[in-house]
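J.: I'd like to ask you about the structure that follows.
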Amino acid sequence: MKILWVKAGKLLPVDTGGKIRSLNLLRQLAARHEVTVFSYYGGRRDAEYEREIAEILPGARTLCTGIPDSTPLERSIQYLLRLPSPEPFAVSKFGGRHVRRLVSRWIAAREFDVAVCDFLSASRNFPQKLATPTVLFAHNVESALWSRQASAEEHPIKRLAYEIEARKMQLFERRTVARFDHVIAVSENDRAALAQFTDATRVTVVPTGVDLRQFQTIAGVEANNPSVVFLGSMDWEPNIGGVEWFCAQVWPRVVAAVPAARFRIVGRAPHPRVRRLASANVEVTGAVPSVLPYLAEAAVFVVPLHVGGGTRLKIFEAMAAGRSIVSTSLGAEGLDVTHGRDILLADDPASFASEVIRVLTEPQLRRALSIGAGALAAEYDWSSVVAQFETVLAALVTPPESSHVPNGVAVAESAVS
């Protein structure tokens, strides 16, 4: 197949869940098909990025839109100016005349057998009439994510802004989902939510995967210290709120029981709110060359999230690395996990702290969870997951007698992403 993959923003560095998911799928697809990645980005032209992405994915096309990066104050002003617009602010910055012209030309000319719109944000650059079969790859249900953010926000002005954005996003998402030929979701939960916008048979689940070779290199390494680790993009609001909750309500209980415990917050671009959490027993690393050393030293991997969508790839990475995991129910949402076998789930501060303490102080429990986690992750290597993605694309290129691609149950019975 000749596949066009349209990505808003840079694919490198691979420092977010969406980039990890996209790049691993692209590498697998490119090994068997003719894949053209179109990555467009703002700011100044980045020749190093363009060279690197072309090396990793030969034939990749890039376009620097020249739209400058904005400061938080500038984004606030832009938000106010665009408030009357029916389009969600969160997707408005991901367009551009030159981008739309290129994508429209490729789609209309049928230069490719099938196209993939990576994330909802890139959808505004696709023409209304899709002459080339096109899939929307929905890493999240964006309207649900904004609604959850609004429900969790305590500041009245911020909550109102999130509520407005959620309403706009729901209308936008409904229209967008309906106009693509098919939609790929990352979990059964997301599939059910997207089915509210369209016929459920038009949405297929392709589960999240993991690079087993990369993370299994440390699977046999047992942590020697009571180190607790969180990994994530630390400029993303759900992650910021999650570590704030953990440090304020959970961590003091853990330290009282295990005084030598140390919490490490690992991830790029830590927000000032995150940096303020640093203390004698809380480390904020910022971006790191590799997460492997931090995972290798983690006695417990925590996912203290109360807001979010899609699935947490970091959980599968920690599982493949043989780590013991404590998560909120929402943090592990959409993953085929089992409490007590491959993960521990807890939602209130006392229960969450209790589970972390148990793992830190009970080596036998830690080893049992490590074995269960590794066994689950082994089922979801990217080489297996990509076959399910291919099935969706192939069915659009050569449609079966029925008018729809097989649904998520037929393509991916054990959807875990």
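Values quoted throughout were computed directly from the atomic coordinates according to the rules given, and no laboratory measurement underlies them. Please read these numbers as outputs of a predicted model, since none were measured by experiment. Note that each Cβ is placed from the backbone with ideal geometry, even for glycine, and that neighbours are counted across all protein chains shown.
J.: Between Asp347 and residues 5 or more places away or on another chain, which pairs have amide H atoms under 5 Å apart, with H built 1.01 Å from N, and which residues are they?
T.: Phe352
J.: Take every DSSP beta bridge whose two residues both sit in the stretch 221-341, then give the antiparallel share in percent to the nearest 5.
T.: Details: 1 of 15 bridges.
Percent antiparallel among DSSP bridges in the stretch 221-341 is about 5.
J.: Next question. Indicate the gyration tensor shape class of the stretch 28-138 (rounded, prolate or oblate), computed on the Cα atoms with a ≥ b ≥ c the square roots of the eigenvalues: a/c under 1.5 is rounded; otherwise a/b larger than b/c is prolate and the rest oblate.
T.: Numbers: a/c = 2.34, a/b = 1.40, b/c = 1.67.
Oblate, since a/c reaches 1.5 and b/c is not below a/b.
J.: If you don't mind, another one. Could you list the GluC sites (Glu not before Pro) in the stretch 36-122 that lie in coil according to DSSP, counting only those with at most 14 other Cβ atoms within 10 Å of their Cβ? Each step should come with its number before you reach the end.
T.: Working: sites: Glu48, Glu50, Glu52, Glu55, Glu74, Glu111; in loops: Glu111.
Here the GluC sites (Glu not before Pro) that fit, given the DSSP loop and packing criteria, are Glu111.
J.: Let a ≥ b ≥ c be the square roots of the eigenvalues of the Cα gyration tensor of the stretch 274-335; is it rounded (a/c under 1.5), or, if not, prolate (a/b larger than b/c) or oblate? Walk me through the numbers before you get to the answer.
T.: Details: a/c = 1.83, a/b = 1.27, b/c = 1.44.
In terms of gyration-tensor shape, oblate.
J.: Using the Cα gyration tensor of the stretch 330-378, with a ≥ b ≥ c the square roots of its eigenvalues, what is the shape: rounded (a/c below 1.5), prolate (a/b larger than b/c) or oblate (neither)? Please report the intermediate quantities before stating the final value.
T.: Values: a/c = 3.22, a/b = 1.12, b/c = 2.89.
Since a/c reaches 1.5 but b/c is at least a/b, the shape of the stretch 330-378 is classed as oblate.
J.: Check which residues have an amide H placed less than 5 Å from Gly286's amide H, if you skip close sequence neighbours.
T.: Residues meeting the amide H criterion: Gly267.
J.: Under 11 Å from the Cβ of Gln214, count the other residues' Cβ atoms, weight Lys and Arg +1, Asp and Glu -1, and hand me the total. Kindly include the intermediate steps, with their values, before the conclusion.
T.: On the way: positive: Arg213; negative: Asp211, Glu317, Asp381.
Net of charged neighbours comes to -2.
J.: Further question: Give the angle, between 0 and 90 degrees and rounded to the nearest 10, that separates the Cα long axis of helix 47-56 from the longest principal axis of the Cα atoms of the chain.
T.: For 47-56 against the chain, the angle is about 90 degrees.
J.: I would also like to ask the following. Tell me, what HN-Hα J-couplings in whole Hz come from the Karplus equation 6.51 cos²θ - 1.76 cosθ + 1.60 at θ = phi - 60° for each residue of the stretch 195-205, using x for Gly and Pro?
T.: Coupling constants for the stretch 195-205: 5, 6, 9, 7, 4, 4, 6, 8, 10, 10, 8 Hz.
J.: Using the number of other C-beta atoms within 10 angstrom as an exposure proxy, rank Thr391, Thr176 with the fewest first. Mind dumping the intermediate values first?
T.: Working: Thr391 16, Thr176 22.
The most exposed by this proxy come first: Thr391, Thr176.
J.: Right, something else. May I ask you to sort Arg61, Arg191 by Cβ crowding, counting other Cβ atoms within 10 Å and putting the fewest first?
T.: Lowest to highest Cβ neighbour count: Arg61, Arg191.
J.: Treating the angle as unsigned and between 0 and 90°, give the value, to the nearest 10°, between the Cα long axis of helix 349-361 and the longest Cα principal axis of the chain.
T.: So the inclination is approximately 70 degrees.
J.: Moving on. What is the angle, in °, between the Cα long axis of helix 156-179 and the longest principal axis of the Cα atoms in the chain? Nearest 10 is fine, range 0 to 90.
T.: Here the helix axis deviates by roughly 40 degrees.
J.: In addition: Among DSSP bridges having both ends in the chain, what percentage is antiparallel? Round to the nearest 5. Before the final figure, lay out each step's value.
T.: Values: 1 of 45 bridges.
Here the share of antiparallel DSSP bridges comes out near 0 percent.
J.: Pull up all non-local amide H partners of Val135: gap of 5 or more, or a different chain, and H-to-H distance under 5 Å with H placed in the peptide plane.
T.: Long-range HN contacts for Val135: Ala115, Val116, Cys117.
J.: Under a straight-distance cross-link criterion of Cα-Cα below 13 Å, which aspartates and glutamates are reachable from Lys7, leaving out those fewer than 8 residues away in the same chain?
T.: Leaving aside aspartates and glutamates fewer than 8 places away in the same chain, those within reach of Lys7 are Asp118.
J.: Further question: For the cross-link pairs Lys93/Lys129; Lys2/Lys314; Lys93/Lys314; Lys19/Lys93, which exceed 29 Å when the distance is taken from alpha carbon to alpha carbon? Walk me through the numbers before you get to the answer.
T.: Working: Lys93/Lys129 22 Å; Lys2/Lys314 31 Å; Lys93/Lys314 27 Å; Lys19/Lys93 18 Å.
Cα-Cα > 29 Å for Lys2/Lys314; rest within.
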